[in-house]
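Some notes on the structure that comes next.
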Amino acid sequence: MKTDTDATPAAAAAAATDAILTDMADGSHRALVVDSPPGAGKSTLVVRAAQELTAGGERPIIVAQTNSQVDDLIERLAAAHPDTAIGRLSATDYVATPALGALTNTTVGRALGDLSGCRIIVGTAAKWATVRDGTFGWAILDESYQMRSDMLLQVVERFDRGLFVGDPGQLDPFTIVGTERWIGLPHDPTQNGVTVMLEHNRGIPVHRLPVSWRLPTSAAPTISQAFYPFTGFTAGTSEGTRALEFNTTAFGNTDLDETLAMAFATGWALHELPRRHVPRTDTETIQTAANLAGRLLDRGALATCERHQNGRPLGAGDIAIGVAHRDQADLVRAALTRTGNPNAPGVAVDTANRLQGREYEVVIVIHPLSGRRDATAFHLEAGRLCVLTSRHRQACIVVAREGIADLLDSHPSTDPVHLSVRAKFPDGWEANHVMLAKLALHRVAA
Amino acid sequence: MKAPVDDRLDALRGSAKRLDYSARSLAALENNPRCTLRALLDASGSDKAAIAAHAGHPSPFGQSAFALARGNVFETMVKDNGCAELLRLLRETLQLTLPEVGYEDLNDIGGDGRAEVRHDRTKQVLLQAARGNGGGTLFDHPMLCLPVGGHKAFLEPDLVAFRIGGRFHVVEIKSFPIIDGQADPTQVRAATTQACAYIIALRNLLARVGIDKQAVSDTIVLVAPKDFTNRPTAAFVDARKQVAALSRQLARIERIGDLVDLLPEGLTFDLGLDKDKRARRPAEELAEALDQVPATYRPDCLNHCEMAFYCRSRARADSSLDVLGPAVREQFGGIDTTTMVLGLAQGRLTPTQDQVEMAAALRHAARLRAELNVLGGAE
Amino acid sequence: MSMLSALAHVQATESMQAVPLTAFRHRRLSSRPLVIIPLVMAGEAGAPLAAMVGSARRKGTLLVVAQPRNRDQRFAFAASLGRTVIDYIDSFRQGRRGGGGHSRYPDTPQILVPNHGGIKALADLGRMCRFRSTSGPHAVPDVVPEFGMWLTFLVDRAEQAGTSMLLPVTGILAEHWATGQSTLEDQNLASLMAWIAPPAGLSVEQAMADAENPDVCPPAGPATSPEFDNRDLAPAIKRFDTARTLGDLRALAAAESDLRELIAGQIQPTWRMTWEAIALLRSVPEAPRTIKRFERDCAAFTSYSDYRDSGGLPQRKRDTAIGAAQRLGWLERALAEFESDMAFDDPFVLADRRSAGEAFAGTVVEAEPSRTVTTASNRRVPRPRVTIRTQDPVRLAADTKLLSPSMPSGHKAVIVSVLPDGDATLVTVEVTGGMGRARVPARGSVPVPDQRIAYLPDPGWRPAPQFPGSDRTPWTHSATAGETGADPAAPEDAAAEEWGNED
């Protein structure tokens, strides 16, 4: 699909959406794939597609990957279509969020029978996998690049046609089982569902959303180059639409302030700690990330954007700290309580896996390679860094120890090579280099 | 004033004949790009196997005559009758539409087997083909040349290049089996590294006359025995990442001068060969020279590098954590030796500012292990 | 790897002897295992060269293929090894217990090979044999495909964590002992044994050096050392071939016995060392939950036996879409359970998880044994709360479900809160299960103050995934209708495989 380069982002995005809906209405395709870079309006598309299908007399189902994704989609659907009855297919121990409980057009049910009056039924893939009968005309599969092929196999009998929506640049699904027995098979169950479906069905249209509404102009080109080298996308907002300013001036003028100032002015900052090999639980790194959040909250910031043209004060909920490992997340949470700012514990802290699909104003990242002696495939994975550095609407601050460039330089290329398996792009090494080159321009030595 | 880089490299090698880069040294380069000792030995064209042996740590990389024989028989079979079997595979197994086929053997040019002569002939034929003037489709044994660190390395021509749709492809013929569509990934990786060197060399050759690198595909065709038979089968190997990685590593070698500058004057790995090719230099003296150059030992080196056993003994003597491998090493952050780990764990050493946290974690771990041993851990 | 295991390797380095990583052996050792030491020919795909096989140290049988490239000799070898193995397997197909569809054999065969390469060699042999035809121009003895199918069953089963029907000895040793060398070197049986039990009169250093010298310790296979190949084996095979070509029966017999002797010299050291390793492993107590996994092995063995008796087809070359998804589910569940079982059984493994904050142990400092709550169905049930003080760096969050190896089985709890207390941590848990049916918890079912107690996360019950029937592969996982290939389970046109090169 081509987009006119002269068109405005809004026009390009609308054209892409129209093309998708046209293909969907056409009915000649068993499946459609929509690749969506970070913040490209994937959920908006899902809501829109559900509406079109319902209007055409369909009773679509939506398959999401986590309960919070389901809740989020239902809130959006309910707001966009107050007259449509929406069903939430849930496990027995599911407790509706207050926001969801307040919706009048939404029913929560444990079995399909409870939701017979609903026009759209939403559930997690795991829940849909327990449904043994009933077939629907269309399913919309959200975050489908994170759904493993074996999970798709458990839900596929519930629908005739599928709209597969997702971000190919994020983390691949994984398994703890180390086996090579399925490598090279088109139906390798450890692959994501989209790839497997495309392997078996020729001529499936693959669309791409061309505009990121989340990433600011400072971030879109770099993220696009590093993680979407072959497709690319642009920022939806223009230069100057987004801005951060402090409510107070820095009195101590610490390196934290310098980093925050860099991030506020340019949208990026690399807060570089002295070179040292450390375990991933290194207190200095973890406390620094927490302190940056605390300092930001202490000083207070006003964020201007297309939604709040007169500015809006940033709260703890607008900030996230992203890490690679769960133990790091636990330690950052503890470190936030030590910052002295009473609101700091409200800052979201999570691993890349769990930050997928989420959005914040400012994101502070502990670089996965920080302080390491060598890089493993896990730490080099392009998807991990992509998730961490593409959650923000305003600014991204990366905390790292000096030495990542050397580490990349000395990384052995010893990955096994398999027959007839297409190389996965982007390459983690290359993507890391692009990001590092960008961050070097925004470096603040601590 | 220090001597120019090349002179210093020659001095490092001493009187021995210069060795070119080989498949093995390229693999070692990929596996341990940061190792100074390996980089210097390779860049100076030193004979690592002979040096390691003389230093008391012979390398174990012998090749079985059976494997060699099998490899040769298989390759001959695939190439017989102007590569008839190969053509069948390209057409039937890989479903390539090869039009009329020309076959050109670049192995021996009128009895002159010298590398330069063969390289010139290869260059002439391939450039003609690239410009669309030659009739050839299959080029057997092209002699390619890859500049590594400013030196020409002629690559052993045990492959075929073929041209289809205006692009050259590299074919590797290997004798390890493809069983039910899968082959040993380590062996495939080694074959791929070799093929990548050819791809880069071929691209260099064409680039010199302004032909784009797209003229050489980075998808390799691997031909190997099918299942347990002697019949060949073929598979594609996507080598894009490996080509990029090897290009990066080769670009790094250009910086060898920085490493050379750090060496003490007069350092040499010369074995002092006499006229019977026997090493006359005292082994201790050689070891002393080697000890002056930093090495980055990883257990994985044992699979690739002739110097690995020497480096391992050095790491053991230093009580280096490198001996235990990266998974163990990772747990100890910036600590380098087993002595230091235990000193901190048992509270015998006072941690520096940087080590306070690690020391606390180590003491907790040591306490747990002590508790367990008291509980009667099996001995 | 946890810091605790890493520290064990450092301790081994410093003390120059292996140190234990676990309190128990988590693999069952049969009282009558069958040891197989397979050797293959370098450069030849799955060409067996020899095997030593037997179920007692003194009863090893050496089988040799004089010319591994010769197809008939290869399958003669496969047939004789196959007969030994099938006889061994058959000896376990008796004394079936239990009734109806649930009856099963009370014991299973157990094949032990020296290292992971040995498993690969058996996998190749299984693949080579299982599709062979027993009639037609290249007929093989009946036992060959049968052997191939059983080997494939065992190799597939060995992929599943915690099973014990086919194991590499190096793997079991390295699960229990930490050495002062890397994982790579631990895969060499002789190097590993050098650290655990060096030969009498040798230091660990000497034993390690010997272990890497092929003239002292021939490699444990499956590949032989290139020096041996070039110096000894190649000339011996050549003499055999020459004698055969000339039809010189005396020379042939002499050449054959030379070959046997040469190979015996390569294989016997490994044979002896494997049995030494087994004896050593017997001295390590078996973990309690090993029996539970063994029972599953018995069920799997019984069910495959029945499948063979019903004339079942050989295993496919590659898994189908549904078969692969199913297998992935089994493998994942088996691994999660095995890890949890080990931590439950073994204080060393538990400590590993404790040092990573994934489990904790401490002393009960406060208890509310008579606390009750009213359930949704208006029943009053005991929900005692207990607070534990621990020095472990706990990272478990509230609502994590727990099990405890220090409490009677059935005990279940859930974390209420985790709070720092100076340099220690206070974890409050609510006991939710294992208290009996009465209104008051059964005696000993609730931890009491000053009691030492450990908790670890409950892996929980996961429903087995349900996939479409194997004849109904959905459109996302199968090529367009009409493109279906031949049934891969059907024996291939085996006889047509060309062998060539029979010099």
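The values are calculated or read from the model by the stated rules, or taken from the named source; none is laboratory data. Note that the structure is a prediction, hence the values are computed from the model and not measured. All Cβ positions, even for glycine, are placed from backbone atoms using ideal geometry, and neighbour counts span all protein chains on display.
Residues in region A:433-445 that are surrounded by 19 or more Cβ atoms within 10 Å (Cβ to Cβ) and in a loop (DSSP other than H, G, I, E, B): A:442 alone. In this structure, residue A:303 does satisfy being outside any helix (DSSP H, G or I), surrounded by fewer than 23 Cβ atoms within 10 Å (Cβ to Cβ) and not polar (S, T, N, Q). Determine whether residue B:91 is outside any strand (DSSP E or B), surrounded by fewer than 17 Cβ atoms within 10 Å (Cβ to Cβ) and among the basic types (Lys, Arg). Yes: the conditions hold for residue B:91.
Here is the figure for region A:106-129: residues that are surrounded by 18 or more Cβ atoms within 10 Å (Cβ to Cβ) and of a type in the set (S, T, N, Q) total 2. Within region B:150-170, residues that are assigned by TED's automatic domain parsing to the domain that holds residue B:196 and closer than 19 Å to residue B:82 by Cβ reach partners that are acidic (Asp, Glu) and at pLDDT 80 or above with beta carbons closer than 6 Å, at six or more positions or on different chains, in the pairs B:159/B:172; B:160/B:140.
As a summary of the residue check, residue A:49 satisfies the conditions (1) in a loop (DSSP other than H, G, I, E, B); (2) under 20 Å from residue A:135 (Cβ atoms); (3) at pLDDT 95 or above except for the one numbered (1). State yes or no: is residue C:45 surrounded by 22 or more Cβ atoms within 10 Å (Cβ to Cβ), assigned to a loop (DSSP other than H, G, I, E, B) and within 14 Å of chain B (Cβ to nearest Cβ)? In short, yes. Looking at residue C:248, is it more than 28 Å from residue C:158 (Cβ to Cβ) and surrounded by fewer than 17 Cβ atoms within 10 Å (Cβ to Cβ)? Yes: the conditions hold for residue C:248.
For region C:6-22, the set of residues classified as surrounded by fewer than 22 Cβ atoms within 10 Å (Cβ to Cβ) and either in contact with an Asp or Glu (Cβ under 6 Å, 6 or more places away or on another chain) or within 8 Å of chain B (Cβ to nearest Cβ) (or both) consists of C:11, C:14, C:20, listed by residue number.
Here residue B:347 clears all of (1) farther than 15 Å from residue C:9 by Cβ; (2) small (Gly, Ala, Ser); (3) assigned to a helix (DSSP H, G or I); (4) more than 7 Å from every other protein chain (Cβ to nearest Cβ) except the condition numbered (3).
Could you grab me the full set of residues in region C:264-287 that are within 14 Å of chain B (Cβ to nearest Cβ) and either surrounded by 21 or more Cβ atoms within 10 Å (Cβ to Cβ) or in contact (Cβ under 8 Å) with a residue 60 or more places away in the chain (or both)? Listed by number, the residues that qualify are C:266, C:280, C:281, C:282, C:284, C:285, C:286, C:287. Cβ-Cβ distances below 7 Å connect the following pairs, each with a first residue in region B:54-70 that is within 14 Å of residue C:42 (Cα to Cα), a second residue that is part of a loop (DSSP other than H, G, I, E, B) and not aliphatic (A, V, I, L, M), and a separation of six or more residues or different chains: B:61/B:306; B:64/C:43; B:66/C:43; B:66/C:44; B:67/C:43; B:70/B:175; B:70/C:43; B:70/C:44.
Looking only at region A:9-34, residues that are in contact with a His (Cβ under 7 Å, 6 or more places away or on another chain) and either within 16 Å of residue A:214 (Cβ to Cβ) or assigned to a helix (DSSP H, G or I) (or both) come to 4 in all.
With respect to residue A:78, determine if the residue is more than 14 Å from chain C (Cβ to nearest Cβ), among the small types (Gly, Ala, Ser) and within 24 Å of the chain's Cα centre (by Cα). Here the answer is yes, as residue A:78 does meet what is asked. Across region A:408-432, which residue is nearest to the other protein chains (Cβ to nearest Cβ) among those that are under 20 Å from the mean Cα position of the chain (by Cα) and not in a loop (DSSP other than H, G, I, E, B)? Ranking the candidates gives A:428 first. Residues that are small (Gly, Ala, Ser) and not in a helix (DSSP H, G or I) do occur in region A:329-346. The number of residues in region B:202-245 that are within 11 Å of chain A (Cβ to nearest Cβ), surrounded by 22 or more Cβ atoms within 10 Å (Cβ to Cβ) and in contact with a strand residue (DSSP E or B) (Cβ under 7 Å, 6 or more places away or on another chain) comes to 8. Considering only residues that are outside any helix (DSSP H, G or I) and at the interface with chain B (Cβ under 10 Å from one of its Cβ atoms), which ones fall in region C:189-218? Within region C:189-218, C:212, C:213, C:214 meet the criteria.
Kindly indicate whether any position in region B:73-85 is polar (S, T, N, Q), within 14 Å of chain C (Cβ to nearest Cβ) and either crowded, with 19+ Cβ neighbours inside 10 Å or within 17 Å of residue B:231 (Cα to Cα) (or both). Yes, the conditions are met somewhere in region B:73-85.
Residues checked against (1) surrounded by fewer than 23 Cβ atoms within 10 Å (Cβ to Cβ); (2) within 14 Å of another protein chain (Cβ to nearest Cβ):
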position: A:326; (1), (2): yes, yes
position: A:336; (1), (2): no, yes
position: A:351; (1), (2): yes, yes
position: A:358; (1), (2): yes, no
position: A:362; (1), (2): no, no
position: A:365; (1), (2): no, no
position: A:371; (1), (2): no, yes
position: A:395; (1), (2): no, no
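Residue-wise test of (1) within 14 Å of chain C (Cβ to nearest Cβ); (2) modelled with pLDDT under 95.
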residue	(1), (2)
B:247	no, yes
B:257	no, yes
B:264	no, yes
B:267	no, yes
B:273	no, yes
B:283	no, yes
B:300	yes, yes
B:310	yes, no
B:343	yes, no
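Checked against the criterion of being free of Cβ contacts under 8 Å to residues at least 24 places away in the same chain and buried (at least 23 other Cβ atoms within 10 Å of the Cβ), the candidates B:345, B:308, B:317, B:327 yield just one match: B:345. Taking the stated definitions as given, is residue C:336 in contact with an Asp or Glu (Cβ under 6 Å, 6 or more places away or on another chain), within 11 Å of another protein chain (Cβ to nearest Cβ) and in a helix (DSSP H, G or I)? Here the answer is no, as residue C:336 does not meet what is asked.
Across region C:219-244, the number of residues qualifying as within 13 Å of another protein chain (Cβ to nearest Cβ), touching a Leu at 6+ places or on another chain (Cβ under 9 Å) and closer than 22 Å to residue C:257 by Cβ comes to 6. Residue B:334 - would you say it is part of a loop (DSSP other than H, G, I, E, B) and facing another protein chain (nearest Cβ under 9 Å)? The answer is yes for residue B:334. Is it true that some residue in region C:171-185 is in contact with an Asp or Glu (Cβ under 7 Å, 6 or more places away or on another chain), more than 30 Å from residue C:330 (Cβ to Cβ) and free of Cβ contacts under 8 Å to residues at least 24 places away in the same chain? There is no residue in region C:171-185 that is in contact with an Asp or Glu (Cβ under 7 Å, 6 or more places away or on another chain), more than 30 Å from residue C:330 (Cβ to Cβ) and free of Cβ contacts under 8 Å to residues at least 24 places away in the same chain. Scanning region A:134-146 for residues that are assigned to a loop (DSSP other than H, G, I, E, B) and under 14 Å from residue A:156 (Cβ atoms) turns up A:134, A:135.
Could you figure out which of (1) under 23 Å from residue A:406 (Cβ atoms); (2) more than 14 Å from chain B (Cβ to nearest Cβ) isn't true of residue A:311? Here residue A:311 meets the rest and fails (1).
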